[in-house]
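What follows is a short report on a single structure.
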Amino acid sequence: MNQRFQEMMQTELDRLEKDGLSVRIRTLESEQGPACTIDGKYVVNLAANNYLGIIGRKDVKEAAKKAIDEYGVGAGAVKTIIGNTQLIVEAEKKLAKFKDVEAVLMYQAGLTANSGTIPALVHEGDIIFSDELNHASIIDGCRLSKARIVPFKHCDVASLEEKMKEHDSETGTKMVVTDGVFSMDGDIAPLADMVAVAKQHGAITMVDDAHGEGVLGDHGRGIVNYFHLEGEVDVEVGTLSKAFGVVGGYAAGSRTLVEFLKNKSRPILFSSSMTPADAGAIVKVVDILMESDDLVHKLWENAAYFKAKMKAFGFDTWRSETPITPIIIGDSKLAKNLSAKLFERGVFAQSLGFPTVPQGLARIRCMLCASHTKEQLDFAADMFHEAAVELGILKS
Ligand SMILES: Cc1ncc(COP(=O)(O)O)c(C=O)c1O
């Protein structure tokens, strides 16, 4: 073992710990629901992206079990060799209908969908206009592409337009890329205006709908439906690991886009395909969402209820417009302490600091879900208040 290398890592770990930025990975010991057992403690769960409470649904579990019985547990190879099960094909078709696009291509995760789509579409000599707060997987995809990255101010269409004007004379493909719903702030990209500006300047558009599907639009169809932009956005990327409650990602758009990505996108060509259980579960989840929008309504009702309670206590919920509810604390250590106090009191809500969020804007991110009961939300809000008063964050 190289001692110098070990010491280098330990020094950085010590610094992270000192600054309240080290990661503590907890262990889930029960099925994930609105309340669950973590590290031996039963807690109200305000940390999961399980927006619609799908993870524990009996019918989805049955679909996954049936898929295992029929196809086995693994994909066996990449999609382009033998990993493309009939279930994946069915999930792609259903998802295309749900998203109102010509075609969908399944990836193994939202991360690989973003980091594998962008470099397939833009290259050295091209320009990507990227919201400054875009998700890490978009940033990775941009970097891998070797295109020039031009950041614009967060959700600021005037800033995007200004940057695009500066590069009007340049040739090569131009792409505007944004998160749909921003995962740390819970605000919504002004996608209709961004698409209009992109078109004026001859650029293609890409949106990551990770936190929009199952949440925004009719029956949770996502941000494109929410803004009535069907057919206007060149590339939609998403994840099946949040509202869908499973795991996986996808790219959606024209048939040509999907054929192109099948031939050019590295996670499709070089990483094994989605498992049968995941594909089977996803097929079922699309059916559930198409049948009824009750869960989507319940999610928004719960989010509004919790936000109102937290605001009444004097908490700052930042610029959230969606069920992602950040509680701004500022200092990373204080946010971490608050998260620990909440855990002691039976509430699990994760603190997030730099570099996940900007310096000085550490927060506790509360993720609301359709299956939370009012009692659980009341309890969680009360515990937040109690712990924040104890730590001097709120007066009383
Ligand atoms: C905006 C956004 N895009 C993509 C991802 C990645 O999705 P997945 O967890 O499916 O890899 C996430 C999840 O953290 C996300 O928040």
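What the table shows:
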{"quantity": "Scope the range 128-151; condition more than 9 Å from the ligand (Cβ to nearest atom), among the hydrophobic types (A, V, I, L, M, F, W, C) and buried (at least 22 other Cβ atoms within 10 Å of the Cβ); matching residues", "calculated": "128, 129, 142, 147"}
{"quantity": "Answer from 118, 55, 88 - the residue that is in a loop (DSSP other than H, G, I, E, B), surrounded by 20 or more Cβ atoms within 10 Å (Cβ to Cβ) and either among the hydrophobic types (A, V, I, L, M, F, W, C) or not assigned by TED's automatic domain parsing to the domain that holds residue 270 (or both)", "calculated": "55"}
{"quantity": "Pick from the range 233-268, criterion in a loop (DSSP other than H, G, I, E, B) and more than 9 Å from the ligand (Cβ to nearest atom), ranking: farthest from residue 137 (Cα to Cα)", "calculated": "254"}
{"quantity": "Of residues in the range 178-220 being away from the ligand (no atom under 16 Å from the Cβ) and charged (D, E, K, R), the one nearest to residue 330 (Cα to Cα)", "calculated": "193"}
{"quantity": "Exclusive hit being touching a Ser or Thr at 6+ places or on another chain (Cβ under 9 Å) and touching a residue at least 60 places away in the same chain (Cβ under 8 Å), set 328, 268", "calculated": "268"}
{"quantity": "Some residue of the range 21-29 being at pLDDT 95 or above and buried (at least 21 other Cβ atoms within 10 Å of the Cβ)", "calculated": "no"}
{"quantity": "Matching residues, the range 66-80, being in contact with a strand residue (DSSP E or B) (Cβ under 8 Å, 6 or more places away or on another chain) and either part of a loop (DSSP other than H, G, I, E, B) or not assigned by TED's automatic domain parsing to the domain that holds residue 282 (or both)", "calculated": "74, 75, 76, 77"}
{"quantity": "Subset of the range 221-232 (residues that are within 16 Å of the ligand (Cβ to nearest atom) and touching a Gly at 6+ places or on another chain (Cβ under 6 Å))", "calculated": "222, 223, 226"}
{"quantity": "In the range 122-159, the residues that are more than 16 Å from residue 208 (Cβ to Cβ) and part of a helix (DSSP H, G or I)", "calculated": "157, 158, 159"}
{"quantity": "Condition check for residue 317: away from the ligand (no atom under 16 Å from the Cβ), touching a strand residue (DSSP E or B) at 6+ places or on another chain (Cβ under 6 Å), β-branched (Val, Ile, Thr) and assigned to a loop (DSSP other than H, G, I, E, B)", "calculated": "yes"}
{"quantity": "Subset of the range 62-118 (residues that are more than 17 Å from residue 252 (Cα to Cα) and among the hydroxyl-bearing types (Ser, Thr, Tyr))", "calculated": "71, 80, 85"}
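The values are calculated or read from the model by the stated rules, or taken from the named source; none is laboratory data. What you see is a predicted model; the values in this text were computed from it and never measured. Cβ: placed from backbone, ideal geometry, glycine included. Neighbour counts: every protein chain shown.
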